[in-house]
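FYI, it's all coordinate maths here, none of it is from the lab. Since this is a predicted model, take the numbers as computed values, not measurements. Cβ: placed from backbone, ideal geometry, glycine included. Neighbour counts: every protein chain shown.
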Amino acid sequence: MKYKEATCNKSIIENIKKFKSGESYNSYKFLGCHIRDNITSFTLWAPNAKQVYLTGDFNNWNLYQYTMNNLNNLGFWYISLENIKEGCSYKYHIIGADGSKKLKSDPYSRFSEKRPNTASIVYKEDDYKWNDKNWNIQRKKQNTNEIPINIYEVHLGSWKRKWDGEFFDYKELYELVDYVKDMGYTHIEILPITEHPLDESWGYQTTGYYSSTSRYGPPEEFKKFIDRCHQNQIGVILDFAYSHFCKDDHGLYKFDGSAQYEYEEPLKAENIGWGTAHFDLGKPEVKSFLISNALYWFKEFHIDGIRVDAVSSMLYLDYDIGQWKPNKYGGRENLEAIEFIKEFTKIIYENVENPLIIAEESTAWPMVTGPTYKGSLGFTYKWNMGWMNDTLKYMEMDPIYRKYHHELITFSFMYAFSENFILPLSHDEVVHGKKSLLDKMPGDEWKKFAGLRTLYAYYMIHPGKKLLFMGNEFAQDIEWRYAYGLEWELLERDQHKKIKEYVKKLNHLYKNEKALYEIDNSHKGFDFIDPHNNEQSIVVLMRKGKKVEEFIIAVINFTPIVHYDYKVGVPYEGTYEEVFNSDDVIYGGSGQTMKGSELFSINSKWHNKEHHIKIKVPPLGATFIKGKNLKKIKYEMDKGKKILIGGLSQDIKRINNSKILVKKKKL
């Protein structure tokens, strides 16, 4: 095996310069391991290391045989060798600034050994031929705020598990793609797929940020999995933890014997609550590493979005720790993290068309979503943690007490349009003793299932995109267990089978009704018809699409009492019909529905509307109502028109001074 002479040409110098200035957004193309022709090169950033050696199974793990060169003494170590085959395992033997001697995995490794082994694997960049051209064309044209986004959150290792405890590989997980498509979801969000040593971390304590975990197969198989999702009109979102990293010896921690990736200052470096280290988000090289990482997954794996975990721990210096040091202005905000996040989101938008960049931010930090030039952090969406906490707290109460806490179910509408929100019923709510969603519901078995159906109806009608963790769609009755597959055997029971069909029906209704998603981030798409009936714990609201005839009125009853001849204000004269009822017997309900009934409007004001209808309100349930035959007067013009419906006007600019023709029509 022969050395190739290390040269520091103009291209390498330019790459290094960009990396050190924090402006290298494809650093994975020159750092790490690369095979070209018969030459395998290794390049590593370790600025404070005294010496670095390459070792691996190709030299029987001899720690000192292959000495790497420090390119122009810039802290970038390089070696190239002939005849190192793809699939060989390797590490860097680093003599650290502190005199330590450690074997480190490659931070830019594309593939890694399956735990408990920790070596990087020589992996040749594959020439995968993608088949998702039509999907990408469609995605680029979309306004993400105006499309249905209904996410199925998945931990690949426990969606299904083999009888002997082994994981399903990516090919076997094609079954997941078919399932998600059938259920009517629009996206899969996968808990961190990056390499990690400990199953119990669910992937959130990462060691290989550029390495898709070997638990389920090699990177090219993961690409095929994503490609299959796209061919089935399913987007893919990956979860990342950019706020912190684990302290395993082979990982990033004290990489070159100094605080290379983490803060030098211990108070800022330590994430005491999680036993991890914080990235130094003000260091230019760390910026290059992390921004390149996000773009790597977008560019090389064609993902559609990322979800950034624990953004609050990045924003606040006092997050989940004891002692902390204020910033230069005396505040608790992490100033360099704020700037990093803005740059991170901005660069992604500049390099990826229509990406989804989602923040899990659990505080009331203002302007998390929106463009950075307006002062926001730049995320596309934010998880609505306030909605989630209030809603689950309310749903866990015995219905008899809910009237005293009505604000828990109505307050979220006061801020529903302050950000672009996703409503999360995520993995975090069904672990660590929090109980499953089904088990959170009070009462006997019937009330538990009815309560869960009511929760899902309220979640679907509420403004905001949707996210539901796996297993909740068929009401898994125990907490999520990362080491076992979901309880699919529950589908042999009638109630679980029926609620799965219920969620499927809701999902497809959501996709088919523009009123439920088209104006998600504006008051224009919402009307709270009656938020005040705390005595009966009933809310009435309306979701609206861009066209005035596209709307759905939802009446949601959070108690097990049926109400007859219940008056609901409606905006237009005509007839209405029930299009969905959570109490239908096909979903396990008691059958208090209005199937096939025409609901005639009464010309008498109610709920500040000109008309009202009388309906049957199901127990612990929801009914969705649409207009069927509504009277309207339509003004037609040669080019442009003005529509008047039930007193509501929608103006469209008249072109020329066209003669107005007045015609009466019916919807």
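Secondary structure note: in the chain, about 75% of the DSSP beta bridges are antiparallel. Between the amide H of Ser597 and those of Glu578, distances stay under 5 Å, these residues lying 5 or more places away or on another chain, with hydrogens modeled in the peptide plane.
Normalised by the number of residues in region 406-561, the average gap of Cα pairs under 8 Å and 6 or more apart makes the relative contact order 22 percent. Straight-line cross-link reach from Lys101 at under 20 Å between alpha-carbon atoms covers these lysines, not counting any fewer than eight positions away in the same chain: Lys50, Lys91, Lys247, Lys254. Relative contact order, whole percent, for region 223-276 stands at 23, derived from Cα pairs under 8 Å and 6 or more residues apart.
Sequence neighbours fewer than 8 away in the same chain don't count; with that in mind, list the aspartates and glutamates whose C-alpha is under 12 Å from Lys133. Leaving aside aspartates and glutamates fewer than 8 places away in the same chain, those within reach of Lys133 are Asp227.
Think of it as helices only: each DSSP H run of n ≥ 4 in the chain is worth -39500 (n - 2.57), and spread over all residues that comes to -6500 deg cm²/dmol at 222 nm. Spin-label model, Tyr128/Phe600: points 7 Å from Cα along the beta carbon direction are separated by 6.1 nm.
Placing unit charges on the Cβ atoms only, positive for Lys and Arg and negative for Asp and Glu, gives the chain a dipole magnitude near 2840 debye about its Cα centre.
Shape class for region 47-141: prolate, because the ratio a/c of the largest to smallest gyration tensor axis (alpha-carbon atoms, square roots of eigenvalues) is 1.5 or more and a/b beats b/c.
Between Ser201, Gly525, Ser212, whose Cα lies farthest towards the positive end of the dipole of the chain when Lys and Arg beta carbons carry +1 and Asp and Glu beta carbons carry -1, centred on the Cα centre? The listed residue farthest towards the positive side: Gly525.
Taking 7 Å steps out from each Cα toward its Cβ at Lys141 and His508 produces label points 2.5 nm apart. On C-alpha positions alone, give me the angle between the axis of helix 335-351 and the longest principal axis of the chain, in degrees, nearest 10. The helix 335-351 is inclined about 80 degrees to the chain.
How about region 47-116: which GluC sites (Glu not before Pro) there lie in a loop by DSSP and see at most 15 other Cβ atoms within 10 Å?
Glu86
Rounded to the nearest whole Hz, the Karplus-based 3J(HN,Hα) values (6.51 cos²θ - 1.76 cosθ + 1.60, θ = phi - 60°) of region 405-416 follow the sequence 10, 4, 5, 5, 9, 10, 4, 4, 6, 6, 10, 4, with x at glycine and proline.
Rounded to the nearest 20 debye, the dipole size of region 3-121 about its Cα centre is 260 debye, using +1 on the Cβ of Lys and Arg and -1 on the Cβ of Asp and Glu. The simple spin-label model puts a point 7 Å past each Cα toward its Cβ; for Lys114 and Glu200 those points are separated by 2.2 nm. When the GluC sites (Glu not before Pro) in region 481-590 are filtered for DSSP coil states and for at most 14 other beta-carbon atoms within 10 Å of their beta-carbon, the remaining sites are Glu535. Karplus-derived 3J(HN,Hα) values for region 356-363, using 6.51 cos²θ - 1.76 cosθ + 1.60 with θ = phi - 60°, are 9, 10, 10, 9, 8, 10, 9, 10 Hz; glycine and proline are entered as x.
With 27 Å as the limit, write out which pairs from Lys29/Lys114; Lys18/Lys140; Lys466/Lys544; Lys141/Lys342 have Cα-Cα distances beyond it, or answer none. Pairs exceeding 27 Å: Lys18/Lys140.
Taking the centroid of alpha carbons for each part, region 216-264 and region 423-440 are 25 Å apart.
Here the contact order of the chain, divided by its residue count and restricted to Cα pairs under 8 Å and six or more residues apart, works out to 10 percent. Backbone phi angles across region 443-458, fed through the Karplus curve with coefficients 6.51, -1.76 and 1.60 (θ = phi - 60°), yield HN-Hα couplings of x, 6, 4, 4, 5, 4, 5, 5, x, 5, 5, 5, 4, 5, 5, 4 Hz in residue order; Gly and Pro are listed as x. Whole Å is fine, so just give me how far the alpha carbon centre of region 549-585 lies from that of region 136-214. Taking the Cα centre of each part, region 549-585 and region 136-214 sit 36 Å apart. Relative to the Cα centre, the charge distribution of region 135-203, modelled as +1 at Lys and Arg Cβ and -1 at Asp and Glu Cβ, gives a dipole magnitude of about 460 debye. Sparse packing (at most 16 other Cβ atoms within 10 Å of the Cβ) combined with a DSSP loop state is found for the following trypsin sites (Lys or Arg not before Pro) in region 455-514: Arg481, Arg493. Straight-line reach from Lys511: taking Cα to Cα under 13 Å and skipping same-chain neighbours fewer than 8 places apart, the aspartates and glutamates in range are Glu146, Asp182.
In the set (i) 113, 102, 45; (ii) 89, 54, 43; (iii) 90, 65, 53, which value of Cα extents along the principal axes in Å was calculated from the structure you see? Here Cα extents along the principal axes in Å agrees with entry (iii). Summing charges over all other residues whose Cβ lies under 13 Å from the Cβ of Tyr502, with Lys and Arg as +1 and Asp and Glu as -1, gives +1.
Electrostatic bookkeeping for Glu285 treats Lys and Arg as +1 and Asp and Glu as -1; over the other residues with beta carbon under 11 Å from its beta carbon, the sum is +2.
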